[in-house]
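These notes are about the structure you will find just below.
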Amino acid sequence: MMPEGRNSVNIAKPMHMGHFRATVLGNFVKNINLAAGNKVTGINYLGDWGTQFGLLSLGYKNYGDARLLEEDPLKHLHSVYVRACQTLGSTEEGKAMASALVTELERGQRPDLADLWCKFRALSLEDLQRVYTRMNVYFDHYEYESDFVTAAIQLVEHLIKRRIARREADGSVTAGSYEPGKRVTLLKSNGGTLYLTRDLAAAISRANRYNFDRMHYIVEDGQREHFLNLAHLLTHLCYDWAKANASPWPLHVRFARVNGASSRRGNGLFLRDILDAAKQEARRRMLHSPNTRIIPSDGVIFESVADHLGVTWLVAEMLRRPRLQPVYLNLRWQGDQLCLHSRAYSVDEAPDLTGLGLQYCHARLSSLEEKAIARGLLGNGDAETINSQLLHALNNVPPHRVSRETEEEICGHLALLPDALTYAYIKYEADGLLRYCSRLTSLINRAWRFLPVLTAESEELALSRIAIFRMARNTLGTCLSILGTKPLLRL
């Protein structure tokens, strides 16, 4: 099978929180399928074609600055694009000029534009990949709308021959919509391709290349009609995996909007600004938490951990609600600094720090094992040897030494992991898995008071407790990885 990790990012435009939620959800879908034993190929499909590129090209000719382009490519290209939209994009003449440029590019008539387009795409991709690395997200392949322009034109001719599409009086080509009696445009009257046509060609290309069982598009609910039309056309072409009832999993994995992350003064709000704000909030909480062991004097390590905690927090915010429930982020400008507050809906509601709490718990459990090794309770060998030692201790602990309110409750909750994973896999919903992790963290935090390890009455009792804590750490680490964040060993 092959889910497509698509977040609809366009070149020269900043990633926003809608892209972030798409990326986080796509990463989760990929990870839960890998955990289920499926073979997965994650693809990021970038928008680098259409009238928007025509506007950008015209705008760069008038407002571009080579020095600013090298210093901060995405920021400068976005600034140019905004100005172009305000001047040229607001008039029919400007839109026509932009559309004509793209049509000329499709026909191979503008090699100068092709070179500029390649440069913009390469610079944008470099910036995007830095953000993805920061998010702990990695794609197997990158694809672009422009990759499928020629194939889309050829496909339209094939659809006309099969009488799935027809040429209209104005020269455009249309096909039947998923809604009876309605039609969708596949080719403009000037011969230019459209978003739907390129998507259709891309889907067929992937089917031929990967021979998958199913494919997923991780895209906001606002594009539902587009994907219904895409599935309708694919079904007409006998691609059964596109049918609505082909499997329990949908072709279009929908999600709701992210609110509260709008721009200021008409400028695009870059995702990296939001990540920076989350990092600063995590940094502040690290400085005020009595459980933090890493301090600012640790330099790069402290900043790296703060950044990762900020990302974990945002990931949890995206995933702790059902996909089709909107997410609200409380973003505020304080002077020129963007601040991210943890209260999600109102000033009276307690902040949700699920992501941070999971990481702190995992790091504390990891620290316990390090201390046990330092004290000589655990051998400093390979994982199999340690597991054997702990399993032996757990099997030999006297029943009367087991606390029903602690050990048995933790073990009982650990036994529920298959149910949590199955629900997450069948529904592509991560909120249940996050609740499972939060409950496990709560049980562990309570157990610290009742299950001392380093001051236990006997070595056997200490080892049996380490065994339980180790199982909890492994479980929590596995869940964090599936959710898309790297489990921290030290905090």
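The values are calculated or read from the model by the stated rules, or taken from the named source; none is laboratory data. Computed from a predicted model, the values in this text were never measured in an experiment. All Cβ positions, even for glycine, are placed from backbone atoms using ideal geometry, and neighbour counts span all protein chains on display.
Only residues that are closer than 23 Å to Glu384 by Cβ and within 33 Å of the chain's Cα centre (by Cα) were counted in segment 438-481, giving 14. Is at least one residue of segment 178-191 touching a strand residue (DSSP E or B) at 6+ places or on another chain (Cβ under 6 Å) and within 24 Å of Leu25 (Cβ to Cβ)? Within segment 178-191, none of the residues are touching a strand residue (DSSP E or B) at 6+ places or on another chain (Cβ under 6 Å) and within 24 Å of Leu25 (Cβ to Cβ). Only one of the listed residues (Arg465, Arg446) is in a helix (DSSP H, G or I) and surrounded by 19 or more Cβ atoms within 10 Å (Cβ to Cβ). That residue is Arg465. Right, Leu128: buried (at least 19 other Cβ atoms within 10 Å of the Cβ) and at pLDDT below 90 or not? Spelling it out, Leu128 is indeed buried (at least 19 other Cβ atoms within 10 Å of the Cβ) and at pLDDT below 90. Segment 373-436 holds helices (runs of 4 or more DSSP H) entirely within its bounds, and those carrying 1 or more residues that are at pLDDT below 95 and in contact with a helix residue (DSSP H, G or I) (Cβ under 7 Å, 6 or more places away or on another chain) map to 383-396, 409-414.
All of Thr174, Thr150, Thr133, Thr197 fail the test of being at pLDDT 95 or above, surrounded by fewer than 19 Cβ atoms within 10 Å (Cβ to Cβ) and among the hydroxyl-bearing types (Ser, Thr, Tyr), apart from Thr174. If the condition is being in a loop (DSSP other than H, G, I, E, B) and either in contact with a helix residue (DSSP H, G or I) (Cβ under 7 Å, 6 or more places away or on another chain) or not hydrophobic (A, V, I, L, M, F, W, C) (or both), then segment 174-203 contributes Ser177, Tyr178, Glu179, Pro180, Gly181, Lys182, Lys188, Ser189, Asn190, Gly191, Gly192. For beta carbons closer than 7 Å, sequence separation of 6+ or different chains, a first residue in segment 140-157 that is under 20 Å from Cys118 (Cβ atoms) and a second that is surrounded by fewer than 18 Cβ atoms within 10 Å (Cβ to Cβ) and of a type in the set (Gly, Ala, Ser), the qualifying pairs are Phe148/Ser205; Ala151/Ser205. Does segment 204-213 include one or more residues that are touching a helix residue (DSSP H, G or I) at 6+ places or on another chain (Cβ under 6 Å) and either surrounded by 17 or more Cβ atoms within 10 Å (Cβ to Cβ) or at pLDDT below 95 (or both)? Looking for residues that are touching a helix residue (DSSP H, G or I) at 6+ places or on another chain (Cβ under 6 Å) and either surrounded by 17 or more Cβ atoms within 10 Å (Cβ to Cβ) or at pLDDT below 95 (or both), one finds none in segment 204-213, hence no. Within this structure, Gly222 fails the test of being surrounded by fewer than 16 Cβ atoms within 10 Å (Cβ to Cβ) and not in a helix (DSSP H, G or I).
For segment 146-173, filtering for residues that are under 22 Å from Arg121 (Cβ atoms) and part of a loop (DSSP other than H, G, I, E, B) leaves 0.
If the condition is being touching a residue at least 12 places away in the same chain (Cβ under 8 Å), acidic (Asp, Glu) and farther than 29 Å from Leu483 by Cα, then segment 425-462 contributes Glu459, Glu460. For Val253, are the conditions met, namely being buried (at least 17 other Cβ atoms within 10 Å of the Cβ), under 26 Å from His78 (Cα atoms) and modelled with pLDDT of 80 or more? Against the criterion (buried (at least 17 other Cβ atoms within 10 Å of the Cβ), under 26 Å from His78 (Cα atoms) and modelled with pLDDT of 80 or more), Val253 does not qualify. Of all residues in segment 1-56, those that are assigned to a helix (DSSP H, G or I) and either at pLDDT below 95 or under 15 Å from the mean Cα position of the chain (by Cα) (or both) total 23.
Considered as a group, the residues in segment 316-336 that are modelled with pLDDT of 85 or more and not hydrophobic (A, V, I, L, M, F, W, C) include one that is surrounded by the fewest Cβ atoms within 10 Å (Cβ to Cβ), and that residue is Gln325.
Hey, any hits in segment 92-99 for a residue that's in the same structural domain as Thr51 (by TED's automatic domain parsing), among the basic types (Lys, Arg), out of contact with any Lys or Arg (no Cβ under 6 Å at 6 or more places or on another chain) and part of a helix (DSSP H, G or I)? Looking for residues that are in the same structural domain as Thr51 (by TED's automatic domain parsing), among the basic types (Lys, Arg), out of contact with any Lys or Arg (no Cβ under 6 Å at 6 or more places or on another chain) and part of a helix (DSSP H, G or I), one finds at least one in segment 92-99, hence yes. Remark: pairs (first residue in segment 367-393, under 18 Å from Ser458 (Cα atoms); second residue crowded, with 18+ Cβ neighbours inside 10 Å and of a type in the set (Phe, Trp, Tyr); Cβ separation under 7 Å; 6+ apart in sequence or on different chains) = Leu368/Phe469.
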